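Just below is one structure, and these are the notes that go with it.
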Amino acid sequence: METTNKLIYSKEKLFNENGEEYRIRVTVSLDDDCKNNICDWGITANVDMKCSNGRYKNIMAGCLHEEIKEHCPELAKFIPLHLSNHYGMPMYPLENGMYFIKEGNKSTAMKVLRISEEEYNKLSEAVDDDLYFKYLLFNLGIVDRWKRESDELIVELEKLCNKKWVNLYGPDKERSVIKITQDEILVIETRIEDGYYTIENIQKRKKEKHENEISKERKKITDECDLEIKKAETKKEVMLCVLDYGLPVKNVIYHNDKNELVFNFSCYRDKINKKQFDDFVKNVDMSKLPEGIKITIGYE
C-alpha cells in the first residue's frame, strides 16, 4: 500500500429539499495544512444549490456537521475528532477544558473533551489546579482513550484512501502535546496522600482564595479613593490660598497630576494682569501650597 503523510477523502452526494436540488461534498482529512508542526483531523463540507441554468452555486461551507450527519452518516464517526491532533487530543485540552468546566458549561466540556459525566465530575475538582487537571486526564485514562479513538479512525481513513498514513514529523520536530513527567506525577500523588485534594481542603483553599481576592479588591478601592481624596484636599488648599490672597478663582486651574497652578487658563474669562500674577508669585505664603508647585500664567 502506498504511504503518505496526508490523508484526504472526499465524498459527494446529491439530495433534494423543498423542491430544490443540492449537492454536498464532505471532506475528511488528516494532515498539517495549517503548517503548525502537527497533523490534525478535519471534517468539513460544502453544500451547493443547483440553479435554473444547471450550474451549482455554493450556499454553505465549513464545519457543517449536522448536514454531514444527515446526508453522509457513514462519515459522522470522524466528527468528534475534528480539530484534534493525530493523538486524538482536542485543541488546548487543558485551557479549554478547565475554562468550560469552570464556567459550568457541562455539555460543551463533555463534547470538547469527549468525556463521560463521571469523568466530568472528577475533573471538576481540579479546575483551579492545572497540574492536577492534567494528571487526571492521564490517570483517568482519557489521554489513552483519545489516542485509541484516533488510531482506530486513522485505520478507517486509510481504508477509504487506500493509503498508509505516516507521520510527517519526527519527535524532535513535532509540536509538543500535553505530557506528564514522573516528577509531576510524584508531586500530585504526594499531595493526594497528604489529603491536599480532599473536598474539605479544596473548599478551604477556595475560601482562602476568595477572601484574599476580596481583601485585595478592598485595598484597591481604598487606595484609589484615598488618592482621590488627597487630590481633592490638595486642590482645595491651593484654590483657597489663591482666594484668601485676594485674587479671583474663576480663571484659575490646578493640575494635580502636574502639580501646576495656572492663572488665566481660559481666554474667555476675566483675567488677572501680569502685575497681580507677579505679586502673587513673589508674596504668597508657599507653606500653604504643595511642595514643588509650579505657578504659571496662560493668557495675559
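The values are calculated or read from the model by the stated rules, or taken from the named source; none is laboratory data. Everything quoted here is computed from the prediction, not taken from an experiment. FYI the Cβ positions are ideal-geometry reconstructions off the backbone, even for glycines, and counts take in every protein chain you see. Remember, those area values only see protein heavy atoms, side chains included, never the ligands or the DNA or RNA. Shrake-Rupley method; radii C 1.70, N 1.55, O 1.52, S 1.80 Å.
Among the helices of the chain, those built from whole DSSP H runs whose Cα atoms reach 15 Å or more along their own axis and whose mean Kyte-Doolittle hydropathy is at least -0.5 are 142-161, 182-193. Fully extending the segment from Ser176 to Glu74 would add 33.5 nm, taking 0.36 nm per residue of separation and subtracting the current Cα-Cα distance. Cross-link reach is defined here as a Cα-Cα straight distance under 17 Å, omitting same-chain residues fewer than 8 places apart; for Lys282 the aspartates and glutamates meeting it are Asp244, Glu260, Glu291. Loop-located chymotrypsin sites (Phe, Trp or Tyr not before Pro) in segment 143-176 (DSSP state not H, G, I, E or B) with no more than 15 neighbouring Cβ atoms inside 10 Å: Tyr169. Each other residue within a Cβ distance under 9 Å of Asn5 adds +1 if Lys or Arg and -1 if Asp or Glu, for a net charge of -1.
Largest accessible area first, the residues Phe78, Phe265 order themselves as Phe265, Phe78 under a 1.4 Å probe with ligands, DNA and RNA left out.
Report, to the nearest whole %, how much of the accessible area of the chain belongs to carbon and sulfur atoms, 1.4 Å probe, protein only.
Values: 9410 of 19020 Å².
The C+S portion of the solvent-accessible surface of the chain is 50 percent.
Among the listed pairs Lys35/Lys173; Lys236/Lys274; Lys231/Lys275; Lys11/Lys57, a Cα-Cα separation exceeding 20 Å is found for Lys236/Lys274; Lys231/Lys275. The Leu160 and Met49 beta-carbon pair, evaluated with R₀ = 22 Å, returns a calculated FRET efficiency of approximately 0.25. Scan (1) 1.80; (2) 0.97; (3) 1.35 for the value of Cα Rg over 2.2 N^0.38 Å calculated from this model and give just the label. Only one option fits the structure, namely (1). Sorting 85-91, 284-290 by average packing, meaning the other beta carbons within 10 Å per residue, from highest down gives 85-91, 284-290. Using only side-chain charges placed at the Cβ, +1 for Lys and Arg and -1 for Asp and Glu, the dipole size of segment 100-140 relative to its Cα centre rounds to 200 debye. Roughly speaking, what is the centre-to-centre gap between segment 60-88 and segment 28-55 when only Cα atoms are used, to the nearest Å? Each part reduced to its Cα centre gives a spacing of 11 Å.
Within the full protein context, the accessible area of Glu224 is estimated at about 100 Å² for a probe radius of 1.4 Å. On a per residue basis, the chain carries 63 Å² of accessible surface, using protein heavy atoms and a 1.4 Å probe.
The trypsin sites (Lys or Arg not before Pro) of segment 1-68 that meet both conditions, a loop assignment by DSSP and at most 13 other Cβ atoms within 10 Å of the site Cβ, are Lys35, Arg55. Each residue was assigned an accessible area with a 1.4 Å probe, and for Ser176 the value is about 90 Å². Mean residue ellipticity, 222 nm, helices only, the chain: the sum of -39500 (n - 2.57) across DSSP H runs of n ≥ 4, divided by residue count and rounded to 500, is -14000 deg cm²/dmol.
Please go through the residue pairs Lys271/Lys294; Lys13/Lys102; Lys69/Lys106; Lys106/Lys147 and name each one whose alpha carbons sit more than 30 Å apart in this structure. Beyond 30 Å between Cα atoms: Lys13/Lys102.
Taking loop as defined by DSSP and a crowding limit of 15 other beta carbons within 10 Å, which trypsin sites (Lys or Arg not before Pro) in segment 139-240 fit? Filter output for segment 139-240: Lys173, Arg175, Lys179.
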